[in-house]
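One structure is given here, and the rest of the page talks about it.
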Amino acid sequence: MENLKYRFDNGKPTQGVTAIVGVLGSGNLEVLVEPAALGGACEIEVKTAANGFDRIWQAVMSDFFARHRAGDIRISVNDAGATPAIVSLRLDQAIETYIAQGKIKT
Amino acid sequence: MTRSYYESSARARIAGLLDEGSFHEWLPAADRLTSPHLAALEQPAAFDDGVIVGRGGIAGKQIFFAAQEGGFMGGAVGEVHGAKIVGMLERAVCDHPAAVLLLLETGGVRLQEANAGLIAVSEVMRAILSARAAGVPVIVAIGGQYGCFGGMGIASRCASAIIISEEGRLGLSGPEVIETVRGVEEYDSRDRALVWRTVGGKHRYLLGECDTIVPDSVEAFRHAITASIDNGDDWSLAALEREHQMLAERVQRFGACKDGRDIWRELGWADPDAIAMLDNDEFIAAAQGRRAKDK
């Protein structure tokens with residue numbers, strides 16, 4: 001198992017309510033998004049069953065941050081060997097769910 | 001729109017079953033109550049350890065629930081997973097909700113957690129009986145991809161009622177386990193028709209182990225759960241003795257049968273092979289007077 005950490009600065013502070021999407025099953029992953037006072041940064045922690053893919057994770061996470069520029073959030077990922085495309089879709093689903101749940105609450 | 005229960009995740013099932021806005025989760029994912037055993041084995045562990053527990057409303061009635069996620073390790077019961085279910089059931093003994101709902105999808109004990117998982121399952125059984133003894137009906141729903149097997153198959157039969165879909169499966173040893181232990185000549189786990197006429201929803205309904213059979217939709221499960229809450233729970237000695245008598249007669253009557261079809265024939269089905277093709281309503285109508293409970 002590998003534990004990877006990423007941080008992206010200068011995002012837009014993004015309001016929402018803690019959200020979990022996906023399932024930690026073979027070829028899949030679960031993504032937890034929580035609010036965090038990080039001065040506009042987005043912190044991501046990944047636990048993955050597949051070792052040696054840190055550069056690909058870095059690329060997928062950079063693309064995600066470029067798409068949403070979501071700041072003041074903490075993302076935690078548990079992965080069981082999902083492909084980069086699945087990871088990207090889940091991350092999009094997670095941030096959209098986080099924002100949508102925030103709108104229901106207010 | 002009808003949503004398939006079989007295809008849904010545990011969270012989607014709960015969301016579809018509960019009254020809107022009534023969902024409240026205990027020990028949610030953000031609490032990160034993960035399995036210490038999987039961490040020791042260097043395996044990623046789900047934030048909720050594969051089970052969602054909490055309270056909510058169904059048709060305005062307050063219920064407590066546990067929903068197992070089959071996608072995470074086949075819904076297998078680990079120490080934390082089991083403790084969450086037990087804690088919820090013990091709270092039901094104190095708080096007396098209208099019912100406890102268990103959405104089971106599990107292969108049984110999580111082998112990585114060995115004895116801790118076995119103990120967890122036995123604690124779940126005891127907690128189910130404690131809740132019933134306190135007057136809280138415990139309703140089990142089975143309709144997921146992984147069925148309900150192993151110790152949780154026993155636990156489900158400790159409950160007040162079981163609701164199953166045709167796609168649902170209920171048993172003790174799962175098909176792959178039987179094949180591994182006894183050989184493919186004894187049981188071919190890839191023979192899907194054989195699997196379904198041994199552990200499938202229709203067979204379990206005919207044998208009297210499941211009280212209700214529903215089509216594969218979250219909405220159908222919701223209707224059946226509502227009806228089951230209204231039915232309450234017969235927890236009398238007379239009911240237990242009736243059940244034991246039924247089981248004794250069942251062994252006597254069907255003990256020599258080699259196949260589900262033999263049992264169905266004995267139950268009065270002239271064309272047992274046609275059962276698989278009947279839709280849910282046709283099947284329920286045709287099954288009247290032809291279940292093991294009916295004699």
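In nm, what is the difference between 0.36 nm times the number of residues separating B:Q145 and B:V251 and their Cα-Cα distance?
Between B:Q145 and B:V251, full extension yields 35.3 nm more.
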What is the gain in length, in nm to one decimal, between B:L129 and B:H24 on full extension, counting 0.36 nm per residue of separation less the C-alpha to C-alpha distance?
35.4 nm
Is region B:238-295 rounded, prolate or oblate when judged by the Cα gyration tensor, a ≥ b ≥ c being the square roots of its eigenvalues, rounded requiring a/c under 1.5 and prolate requiring a/b larger than b/c?
oblate
Using 1/(1 + (r/R0)^6) with R0 = 60 angstrom and r between the beta carbons of B:A227 and A:R7, what's the FRET efficiency to the nearest 0.05?
0.70
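Within 10 Å of each Cβ of A:20-27, how many other protein chain Cβ atoms are there on average?
Going residue by residue through A:20-27 and averaging, the value is 6.
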Zone reached by a paramagnetic label modelled 7 Å from B:T180 Cα along Cα→Cβ, restricted to region A:63-106 with backbone N below 13 Å, covers none
In whole angstrom, note down how far apart the Cα centers of region B:213-238 and region A:31-47 are.
42
Of A:G40, A:G52, A:G81, the most mobile residue in a GNM of chain A (C-alpha springs, cutoff 10 Å) is A:G52
Mind sorting A:T18, B:T106 by how few other Cβ atoms lie within 10 Å of their own Cβ, fewest first?
A:T18, B:T106
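Tell me the relative contact order for region B:115-175 as a rounded percent, counting alpha carbon contacts under 8 Å between residues six or more apart.
37
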Nearest-ten-degree value, helix B:114-133 long axis tilted from longest Cα axis of chain B
80
Among the listed pairs A:K47/B:K84; B:K84/B:K293; B:K258/B:K293; A:K12/B:K61; A:K47/B:K61, which are separated by more than 32 Å between their Cα atoms?
B:K84/B:K293; A:K12/B:K61; A:K47/B:K61
Compute the angle between helix B:79-95 and the longest alpha-carbon principal axis of chain B, please, reported from 0 to 90 degrees and rounded to the nearest 10.
90
Between B:L41, B:L247, B:L104, where does the largest GNM mean-square fluctuation fall for chain B, given springs only between Cα atoms within less than 10 Å?
B:L41
For region A:2-105, what does the relative contact order come out to in percent, with C-alpha contacts under 8 Å and a separation of six or more?
41
Computed over chain B: relative contact order in percent, which uses C-alpha pairs under 8 Å that are six or more apart
15
Could you work out [θ]222 nm for chain A from helices alone, using -39500 (n - 2.57) per DSSP H run of at least four and dividing by all its residues? Round to the nearest 500 deg cm²/dmol.
-12000 deg cm²/dmol
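Kindly provide the trypsin sites (Lys or Arg not before Pro) of region B:175-220 that DSSP labels as loop, not H, G, I, E or B, and whose Cβ sees at most 15 other Cβ atoms within 10 Å.
Working: sites: B:R182, B:R190, B:R192, B:R197, B:K202, B:R204; in loops: B:R190.
In loop regions of region B:175-220 (DSSP not H, G, I, E or B), the sparsely surrounded trypsin sites (Lys or Arg not before Pro) are B:R190.
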Mind telling me which of B:A155, B:A248, B:A220 comes out most flexible in a GNM of chain B, alpha-carbon contacts under 10 Å?
B:A248
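To make sure I understand, if each residue's beta carbon is the centre and we count other beta carbons within 10 Å, what order do B:L17, B:L129 fall in, fewest to most?
The fewest-first ordering by Cβ neighbours comes to B:L129, B:L17.
Return the FRET efficiency for the residue pair B:A276, B:H244: r is the Cβ-Cβ distance, R0 is 30 Å, and the value is rounded to the nearest 0.05.
0.45
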Longest principal axis of chain A (C-alpha) makes with the long axis of helix A:84-105 (C-alpha) an angle, in degrees to the nearest 10, of 20
Virtual spin-label span in nm between B:D234 and B:A40, 7 Å along Cα→Cβ
4.6
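Give the calculated FRET efficiency between B:D31 and B:N115 to the nearest 0.05, with a Förster radius of 30 Å applied to their Cβ-Cβ distance.
Plugging the Cβ-Cβ distance into 1/(1 + (r/R0)^6) gives 0.75.
No value in this document is a laboratory result; all are computed from the given coordinates. Here the structure is a predicted model, which means the values were calculated and not measured. Don't worry about glycine lacking a Cβ; one is built from the backbone with ideal geometry, like all the others, and counts go over all protein chains shown.
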